[in-house]
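Below you'll find the structure, written out as structure tokens, and then a few comments.
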Amino acid sequence: MYTETEQLEFDANHIWHPYSSATNPSPTFMVERCDGVMIELTDGRQLIDGMSSWWCTVHGYNHPRLNQAMTDQITKMSHVMFGGFTHNPAVELSRRLVELTPSGLERVFLADSGSVSVEVAIKMAIQYQASRGKPQKHRIMTVRNGYHGDTFGAMATCDPVTGMHHLFQQSMPQQLFADAPPLGFDRPFQSSDLDSVRHLLEHHAEETAAFIIEPITQGAGGMRFYSPDYLAALAELCKAFDVLLIADEIATGFGRTGKLFAVEHAGICPDILCLGKALTGGTMTLAATLCTAEVANGISHGEAGVFMHGPTFMGNPLACRVACESIDLLLENNWSQQVSQIERTLNSALSPLRQHASVANVRVLGAMGVIEMKQPVDLNEIQPRLVEQGVWLRPFGKLIYMMPPFVITQAELEQLCRATTAVIEQLQQQ
Ligand SMILES: *Cc1c(COP(=O)(O)O)cnc(C)c1O
């Protein structure tokens, strides 16, 4: 058995972490186990989870119902190929997704990660347009400050600056970028907010297959909330210009914004919808791309006659089974009440931070709280301080933000906010 120090050393010398450096690795903590909203480090320290492991663990960790669902499924089959076979977990999950998502979305593609579900969405849009005799409509339009994943097709639709597109320019499709939606869920919408989108559509709709956007909340591209009226008007523009709308709900799906799906704030139905992250309650990697019958049938009448995608682990039964259980749990738990309670607590606990000299903006929507600092925070400095205070957050850029598991208690959430405030005060005093 290697000591903890030896393992951390091996990790630093040999293992990539998300967006990590091999030569200047940032502090990495060793986890022993997780339970509920607590993350326990190997040295015994307990941290309140403010990140839901990047939007995923809505029911907390080590949930007995999710564990049981997986245990039951493992004894039958953890995987079987999806070409030529189907199974109850895939059928039951797809039935739930078709029922719960806006009506019109009727066909489900079960992929293995969020980025892949975005690739699938883009390929669906391109194949659909080609099947209508419009192969020239092959580009993707989007807004700045977006985030849609790290594979090439998805990356090409991420914000060009934060996504460092110049590094990959030669190998990546060049997509079309409009201005980001103006900040503010409650900000009154003005038609001029969409001038940049309209301008782009007027000039490029002929070559555009689809418009992709994160509904209501731009996540990794800046934790920005925007108006439902903007989204509704955007959906209308896309229709008017004969461009499909792809809603990327990988982060927002399953209640995070206060609606089960964020598109419901605007009362729209996209042509294609991507889901991931919270889909399995944070237990297994799984994603889904849903599309309308119109898109699905169009693709199937096209040149290929089939949709050209089929990952090895498509429809993984273990992941599908636990996703069914997670969705059932979400509905039984009255997620809507959980999220609005979190929203209230975040609002009252975080608003005093608006007075701090180092804080530029505090914003809350659903189970998401965002503190935007005036200066970028140094992760290597702030992360150990947060851990010292007994909480787990993962700030990036100027943003210190939280999206806790829905099962967090009021006391735990207040503790999370107090600890975060204490660290911001420490930094300010330096
Ligand atoms: C996380 C995320 C993705 C990518 O999902 P992965 O599972 O990390 O590939 C895509 N879109 C949005 C909006 C996301 O938040």
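The values are calculated or read from the model by the stated rules, or taken from the named source; none is laboratory data. Just so you know, these numbers come straight off a predicted model, no measurement behind them. Heads up, the Cβs are rebuilt from the backbone with ideal geometry, glycines too, and the neighbour counts pull from every protein chain shown.
Things worth noting here:
- Note on the range 282-301: among residues that are small (Gly, Ala, Ser) and either within 16 Å of the ligand (Cβ to nearest atom) or in contact with a strand residue (DSSP E or B) (Cβ under 7 Å, 6 or more places away or on another chain) (or both), the one that is nearest to Ile327 (Cα to Cα) is Gly282.
- Qualifying position, being within 14 Å of the ligand (Cβ to nearest atom) and at pLDDT 95 or above, among Ala319, Ala240: Ala319
- Residues of the range 129-164 satisfying the condition of being more than 16 Å from the ligand (Cβ to nearest atom) and either in contact with a Leu (Cβ under 7 Å, 6 or more places away or on another chain) or not in a loop (DSSP other than H, G, I, E, B) (or both): Gln129, Ala130, Ser131, Arg139, Met141
- Looking only at residues in the range 82-109 that are without any contact (Cβ under 8 Å) to a residue 12 or more places away in the chain and among the hydrophobic types (A, V, I, L, M, F, W, C), the one that is surrounded by the most Cβ atoms within 10 Å (Cβ to Cβ) is Val91.
- Just one of the listed residues (Val118, Val98) is more than 19 Å from Lys239 (Cβ to Cβ), in a helix (DSSP H, G or I) and either within 16 Å of the ligand (Cβ to nearest atom) or touching a helix residue (DSSP H, G or I) at 6+ places or on another chain (Cβ under 6 Å) (or both), and it is Val118.
- Of all the criteria given as (1) in contact (Cβ under 8 Å) with a residue 60 or more places away in the chain; (2) hydrophobic (A, V, I, L, M, F, W, C); (3) more than 16 Å from the ligand (Cβ to nearest atom), the one not satisfied by Leu194 is (1).
- Flag for Gly184 being at positive phi and in the same structural domain as Cys320 (by the TED database): yes
- When Phe189, Phe211, Phe225 are checked against the criterion of being more than 16 Å from the ligand (Cβ to nearest atom), assigned by the TED database to the domain that holds Ile126, in contact (Cβ under 8 Å) with a residue 40 or more places away in the chain and not aliphatic (A, V, I, L, M), Phe189 stands alone in meeting it.
- The set of residues in the range 40-88 being within 16 Å of the ligand (Cβ to nearest atom) and part of a loop (DSSP other than H, G, I, E, B) consists of Met51, Cys56, Thr57, Val58.
- Any hit, the range 5-14, residues being assigned to a loop (DSSP other than H, G, I, E, B) and either in contact (Cβ under 8 Å) with a residue 12 or more places away in the chain or loosely packed, with under 13 Cβ neighbours inside 10 Å (or both): no
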